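Participant: Just dropping this structure here.
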Amino acid sequence: MAKELYKLPALKYGYADLEPYISEEQLRIHHDKHHQAYVSNVNSLLQMMEKARKEGTDFDYKATAKAVAFNLGGHVLHDYFWWEMTPAGNATKEPIGELAEVIREDFGNFERFKKEFTQTASTVEGSGWAALTFCKDTKRLGIMQIEKHNVNVFPDYPILMAIDVWEHAYYLDYKNERGKFIDAFWNIVNWEEIDRYFKKIQHL
């Protein structure tokens, strides 16, 4: 049976709909070029491995494993990034529902959570991400600082939201001012969608 390959997800909003916080040009390049490259790369690697297995030939296992982790991590994290955003006119300014309650329990208030998440994102060395996660064993929220797409990830912790702080995510709009991009991001977070997902993962 033929296996499915990974696909670039469609955006649920128009390319210009996140303006003025993310420009149409920035979003098109980020989604259509950078994310597509991770999808294409991981698919090529999978096809190469399948071919080698059928033919009984070897490949560079170490390099391939690292490349798969890097490109698949890039695909998965970008997938989160796209669906958790919404046009500013549709966004609530703070978390809602069960997620809001747990943020208050774990961080004291939203402003404290926002400060910790922002500082985590701001201080990623080189390229990477900040992500809000949830431990189903301890019922605690956590903030991961992910380098590249696949370093420092907490194994088996579901991601609730993530921000991409690779330069390709913001350079056209904000040049090298990562902090301004992070500040802008808070205006387009889809807290309703994230709260729905938070409720869902608690029962998986």
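Read-outs throughout are calculated quantities, based only on the coordinates presented, and are distinct from any laboratory measurement. All values reported here derive from a predicted model rather than from experimental measurement. Methodologically, a virtual Cβ is constructed for each residue, glycine included, from the backbone with ideal geometry; neighbour enumeration extends over all protein chains shown.
Participant: Return the long-range amide H neighbours of R140 (sequence gap of 5 or more, or a different chain), with a cut-off of under 5 Å between placed amide H atoms.
Facilitator: Sorted by chain and number, the residues that satisfy this are C135.
Participant: Cβ neighbours within 10 Å, averaged per peptide: list 67-74, 105-112 in order, most packed at the top.
Facilitator: 67-74, 105-112
Participant: Now for a different question. Report the trypsin sites (Lys or Arg not before Pro) located in segment 163-204 that are in a DSSP loop and have at most 12 other Cβ atoms inside 10 Å of their Cβ, or state none.
Facilitator: K175
Participant: Cross-link candidates for K93: which lysines have Cα within less than 16 Å, leaving aside residues fewer than 8 places away along the same chain?
Facilitator: Answer for K93, where 16 Å is the Cα cut-off: K114, K115, listed by chain and number.
Participant: With n ≥ 4 as the cut-off for DSSP H runs, can you work out [θ] at 222 nm for the chain, using -39500 (n - 2.57) per run divided by the number of residues, rounded to the nearest 500?
Facilitator: Per the formula, -14500 deg cm²/dmol.
Participant: Among L27, S40, F59, which residue has its Cα furthest toward the positive end of the charge dipole of segment 1-130, with +1 on Lys/Arg Cβ and -1 on Asp/Glu Cβ?
Facilitator: F59
Participant: To continue, here is another question. Straight-line reach from K7: which lysines have Cα under 30 Å away, leaving out those fewer than 8 places along the same chain?
Facilitator: Straight-distance partners of K7: K33, K51, K54, K62, K66, K136, K148, K175, K199, K200.
Participant: Provide the net charge surrounding P95, with neighbours chosen by a C-beta distance below 15 Å and charges set as Lys +1, Arg +1, Asp -1, Glu -1.
Facilitator: Local net charge: -4.
Participant: Just need the relative contact order of the chain here, percent rounded to a whole number, with Cα pairs under 8 Å and 6+ apart.
Facilitator: After rounding, I find 25 percent.
Participant: Right, next: For the chain, go through all pairs of different Cα atoms, get the mean of 1/r, take its inverse, and jot down that Kirkwood value in Å.
Facilitator: Over the chain, the inverse of the mean reciprocal pair distance is 18.1 Å.
Participant: Run the dipole for the chain about the Cα centre, Lys and Arg Cβ at +1, Asp and Glu Cβ at -1, nothing else charged, and hand back the magnitude in debye, nearest 20.
Facilitator: For this selection, approximately 460 debye.
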